[in-house]
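Written below as C-alpha cells is the structure these notes are about.
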There are 2 protein chains.
Amino acid sequence: MSLLKKSFLGSFAPLLVSGLLVGQMATVAVAAEHDKHKGHAGHHSKSYAHFNKDGELLTPKDYREWIFVGAPVTPKDMNDGNPAFPEFHNVYIDPVSYAHWKKNGKFRDGTIIVKELTSVGTKESSSGNGYFQGEYLGIAATVKDSKRYANRPNHWAYFGFESYESKSAAAQADESCNACHVETAAFDNVFIQHYPVLRAAKPAK
Amino acid sequence: MSLLKKSFLGSFAPLLVSGLLVGQMATVAVAAEHDKHKGHAGHHSKSYAHFNKDGELLTPKDYREWIFVGAPVTPKDMNDGNPAFPEFHNVYIDPVSYAHWKKNGKFRDGTIIVKELTSVGTKESSSGNGYFQGEYLGIAATVKDSKRYANRPNHWAYFGFESYESKSAAAQADESCNACHVETAAFDNVFIQHYPVLRAAKPAK
C-alpha cells in the first residue's frame, strides 16, 4: 500500500481540491440531460466522455445525475491519517453505458466512470455511530475506449483533475492506477465487488 | 439510541430481507424512465410515489436510476453488532423532485426518498482500509404530501417493506422515524447534513 499511496499522491495531489463545489455548475436538469440524447437515432453509441483537440479528457459535468454504483469509504482514521483516496468515494457510471451494462453485462466503448471524493463529516448521528459524508474533495475519472486507448490494459485510461473548475484533465496516471485496477478489480478493471448496483444489474449469463 | 433501536427493529424487522435483488426488476432504462414524463405538459407535478386503492405506498421501482444523494454507513462493528439501520444506507431522491430542489431549494409535494441498505462486504481493498459495500438488505422510503399526510410533521410519512417482492409497504412507522427526522435532520426532516449532493444543488438564497 505505501508504495501505491506515494505513487498516487505524487501524481494526483492536484486532484484533491477542497471547498469548490461543482453543484452550481450542474444547471442541466436530469430530464434535459437525457433529452440531449433522444434526438439522435444512434444515441446509444454517444459517449459522455468528451475531449479537447489535444485529446485531453474534458472535466465531466452533471455526473451527480448519472447512475450511482457504490460508495466505499477509506477514512483517514483507518489509514494512518493518509488514505490513497480520502475519504468517501461516490462512484457513478454514465447512464447510456449503464443501460448497455444492464443489457450486455459489459462496459461498452465510451464508458466513463467518475469517482467523487468527500470527506468524513461526522462519525455520529441519530442513526448511530459510523461514517457520514461531509464536503467534496475532488474527482477522478476513467474512460474505456478501444481505439483511443488501444494499448492500455483492457482499454481503460485514468484521469485526475486539478480542480472542479479545470476545463480538462490535469494528469493521466495509467500506470499507478492500473497497478490496482488490473490486478484486483473483479471485472474488466472495475471494482464491481464493491458496487452492488452493477452486480445486481448485470444480466445472468 | 437503544430505545430508538428497539422501536425501529420492532416495527421494521421485516424490512431487512437479504438475498433478494431488485436489480432484475429494473427493466426500464434510464432514458425511458424520463421519457415517461416528457409527454405530459404538467410532468413536473407528477410524483414517483404510487399508491394502491387502500392508500398504501407501492414498493418503489427503478430508484437505483434516480438521483443518489449520499451514503452513510453505520457498521455493525461500530454499533455493538446491532445498528438501527445495517449497514450502508444508499439514499436516492426521485429525479423530478431533485430538479425542483435544484430550482427552489425545497422538497415539493410528492417527493419520494428511498434509503436502500447494504451490508459491509469487506473492510480492506487495494485502496486501503475502510468499509466497502456488500449485499443488499432492504429498503425504506419516505414521501412528502401535504394533502395525504396533512397531520404529520412537515407532511412526511415513513414506510418499511416486507421484502423486495412486496407489492406495497408493510408498515408505516411515522412515530419512531419522526423522533429522529424532526429533531435532528438539518432541513425539512431530511438529513441534508449527510447528503453533499443535496447541499451543493440547493440554490443560494
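Each reported figure results from applying straightforward, stated rules to the coordinates on display, with no laboratory input. All of these numbers come straight from a predicted model, not from anything done at the bench. When we count neighbours, we look across all protein chains shown, and the Cβ atoms used for this are built from the backbone with ideal geometry, even at glycine.
Kindly state, to the nearest 0.05, the FRET efficiency for B:ASP80 paired with A:ASP80, given R0 = 22 Å and r defined as their beta-carbon distance.
So, using R0 = 22 Å, E works out to roughly 0.25.
Under 5 Å between amide hydrogens, which residues at least 5 positions from B:LYS202 or on another chain qualify, with H placed 1.01 Å from N in the peptide plane?
Result for B:LYS202 returns nothing.
Note down the net charge around B:GLU135, summing +1 for each Lys or Arg and -1 for each Asp or Glu among other residues with Cβ under 13 Å from its Cβ. It would help to have the intermediate numbers written out before the result.
Numbers: positive: A:ARG199; negative: B:GLU87, B:GLU116.
Result for the local shell: -1.
B:PHE51 label point, 7 Å along Cα→Cβ, cut-off 12 Å on backbone N: hits in region B:98-135?
What the label zone holds, given the 12 Å backbone N cut-off, is B:110.
Per residue of A:46-57, count partner chain C-beta atoms within 10 Å of its C-beta, then hand back the mean as an integer. Kindly include the intermediate steps, with their values, before the conclusion.
On the way: counts 0, 0, 0, 0, 0, 0, 0, 0, 0, 0, 0, 0.
Partner-chain Cβ atoms within 10 Å, mean over residues of A:46-57: 0.
Considering only the label points, 7 Å along Cα→Cβ from Cα, what distances in nm to one decimal separate B:ALA204 from the same position in each other copy, shortest first?
5.3
What average count of beta carbons from other chains do you get within 10 Å of the Cβ of residues in A:194-203?
6
Order of A:TRP101, A:TRP66 from fewest to most other C-beta atoms within 10 Å?
Working: A:TRP101 23, A:TRP66 26.
Ascending number of Cβ neighbours within 10 Å: A:TRP101, A:TRP66.
Taking the beta-carbon count within 10 Å as an exposure proxy, list B:THR184, B:THR142, A:THR111 from fewest neighbours to most. Mind dumping the intermediate values first?
Details: B:THR184 13, B:THR142 22, A:THR111 25.
The fewest-first ordering by Cβ neighbours comes to B:THR184, B:THR142, A:THR111.
Label position 7 Å from Cα toward Cβ: report the copy-to-copy distances for A:GLU135 in nm, one decimal, ordered from shortest.
Ordered by distance, the counterparts are at 4.0 nm.
Quick one: net charge of B:PHE88's neighbours, Cβ under 12 Å, K/R +1, D/E -1?
Numbers: positive: B:LYS76, B:LYS115; negative: B:GLU87, B:GLU116, B:GLU135.
Summing Lys and Arg as +1 and Asp and Glu as -1 gives -1.
Quick one: if the Förster radius is 25 Å, what FRET efficiency do A:ALA204 and B:LYS61 give, using the C-beta to C-beta distance and rounding to 0.05? Could the numbers behind the result be given before it?
Numbers: r = 19 Å, r/R0 = 0.77.
Efficiency computed from Cβ-Cβ geometry: 0.85.
Mind sorting B:ASP174, A:ASP54 by how few other Cβ atoms lie within 10 Å of their own Cβ, fewest first? Spell out each step's value before the answer.
Numbers: B:ASP174 18, A:ASP54 6.
If I rank by nearby Cβ atoms, fewest first, I get A:ASP54, B:ASP174.
According to the square roots a ≥ b ≥ c of the eigenvalues of the Cα gyration tensor, what is the shape class of region A:40-103, taking rounded for a/c under 1.5, prolate for a/b larger than b/c otherwise, and oblate for the remainder?
On the way: a/c = 3.77, a/b = 1.80, b/c = 2.10.
In terms of gyration-tensor shape, oblate.
Taking 7 Å along the Cα-to-C-beta vector as the label spot, tell me the B:GLU124-A:GLU175 distance in nanometres, rounded to one decimal.
Reported label-point gap for B:GLU124 and A:GLU175 is 2.8 nm.
Let me know the shape class of region A:67-201, please: from the alpha-carbon gyration tensor, a ≥ b ≥ c as square roots of the eigenvalues, rounded when a/c is under 1.5, otherwise prolate if a/b is greater than b/c, or oblate.
Cα axes put region A:67-201 in the prolate bin.
I want to make sure I understand the PRE zone here: with the label point 7 angstrom from the Cα of A:GLU165 toward its beta carbon, which residues in region A:57-78 have backbone N atoms less than 20 Å away?
Residues A:58-63 qualify, since their backbone N sits under 20 Å from the label point.
In nm, one decimal, shortest first: how far is the label point of A:SER146 (7 Å from Cα along Cα to beta carbon) from the matching points in the other copies?
5.5
Can you give me the long-range amide H partners of A:GLU124? Hydrogens built in the peptide plane at 1.01 Å from N, cutoff under 5 Å, separation of 5 or more residues or another chain.
Under 5 Å from the amide H of A:GLU124 lie the amide H atoms of A:GLY130, each far enough along the sequence or on another chain.
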